[in-house]
1. Show me the three semi-axes of the equivalent ellipsoid for region 65-150, from the C-alpha gyration tensor (sqrt of 5 times each eigenvalue), largest first, rounded to whole Å.
2. For region 206-298, what does the equivalent ellipsoid look like in terms of its semi-axes, each the square root of 5 times an eigenvalue of the Cα gyration tensor, given largest first in whole Å?
3. Could you compute the net charge surrounding Gln299? Neighbours are other residues with a C-beta less than 14 Å from the C-beta of Gln299; K and R count +1, D and E count -1.
4. Picking from Ala216, Val260, Gly197, whose Cα lies most toward the positive end of the charge dipole for region 194-285 (charges on Cβ: Lys, Arg +1; Asp, Glu -1)?
5. Show me 304-312, 227-235 ranked by packing, highest mean number of other Cβ atoms within 10 Å first.
6. How would you rank 134-147, 205-218, highest first, on the average number of other Cβ atoms within 10 Å across their residues?
Amino acid sequence: MPAPSSAPTTPTPTSSTPTAPATSATAASAPAASASATAPAPATGGGGLGPVALVIAAGVSVQFGAALAVMIMPRAGAAGVVTLRLAAAALVLLLLCRPKVRGYTHSDWTTVVWFGVTMAGMNGLFYQAIDRIPLGPAVTLEVLGPLALSVIVSRRLVNLLWAGLALAGVVLLSSHGGGGFGGLDPLGAAFALGAGGMWAAYIVFSARTGRRFPQADGLALAMAVAAVLSLPLGVIEAGSDLLVPSTLALGLGVAVLSSVLPYTLELLALRRLPAPTFAILMSLEPAIAATAGFLVLNQAMSVLDALAIALVIAASMGAVRSQTRKRAKAA
């Protein structure tokens, strides 16, 4: 899934999350880590090739992690893979961050718990989606959630244009006959759209958590909440198969590729890259996902498939740029 990330001020249509984004630690898009919610402000107004390459590398890591997840679903099922990913990512982040648990208010804990709930929902729905439909279409549908959030928050007429572009992409996605986007499993598409809605909520709670908890402490705690919530579903679906050493190793690989690595890369990038530029780069997630699906899972695309992805990417970038101009004028 994508690694949805969010700036701690105005939500934008970015990534895993999770997780990212990153996560970014993301969707489910993700879907992963919330690097920009915890990262310091960039030292300069622009970004060079270095931070741009880091963001793209994070996106590649997230989407190829999702492709790996699809490959192990026959062993553990979609819910089992979610459990493995979240549990492994939570363990790694808790060991690295060692967040303190004292000194926070009831409101702080409520925020981080809801962050964990949205993270679990985003990942769970996204992995159910990619178990049924190709990776590229799933991420394309999922990114509509953050895009809708951006359009609603901005309240600008020009964003109706971006919404229209995104709608045109969805129409192509749903009406194209034959292979690829045509004939998408309706339940899989619904799961992807649901993951997009959870991604939008994830962005909101990611930003709130970033303001209340230092560094990545809030992310680590929320990841632990998400892992606990996903555990029963994973055990019900996969049972003892979750404990097979090879499955555990692959689950750890998914966690590293989809959560830990992209979060780290995004955090490093955001120290030198303005948040709007970061958001635009994260809008490329559907294209990266389609590429990963093609290279790893042999999920071919037609010209219309690529056009549908391009329309949603253009809409996402346009919405980000519109918000950037609005903030610049306000300043």
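Quick note: the coordinates plus some simple rules give every number you see, no bench work behind them. Bear in mind the structure is a predicted one, so any value in this text is a computation, not a measurement. Every residue, glycine among them, receives a Cβ derived from its backbone with ideal geometry; neighbour counts consider all protein chains shown.
1. That gives 28, 19, 10 Å for the three semi-axes.
2. Ellipsoid half-lengths, sorted descending, are 28, 22, 11 Å.
3. Computed value for this residue: -2.
4. It is Ala216.
5. 304-312, 227-235
6. Most protected by this proxy first, the peptides run 134-147, 205-218.
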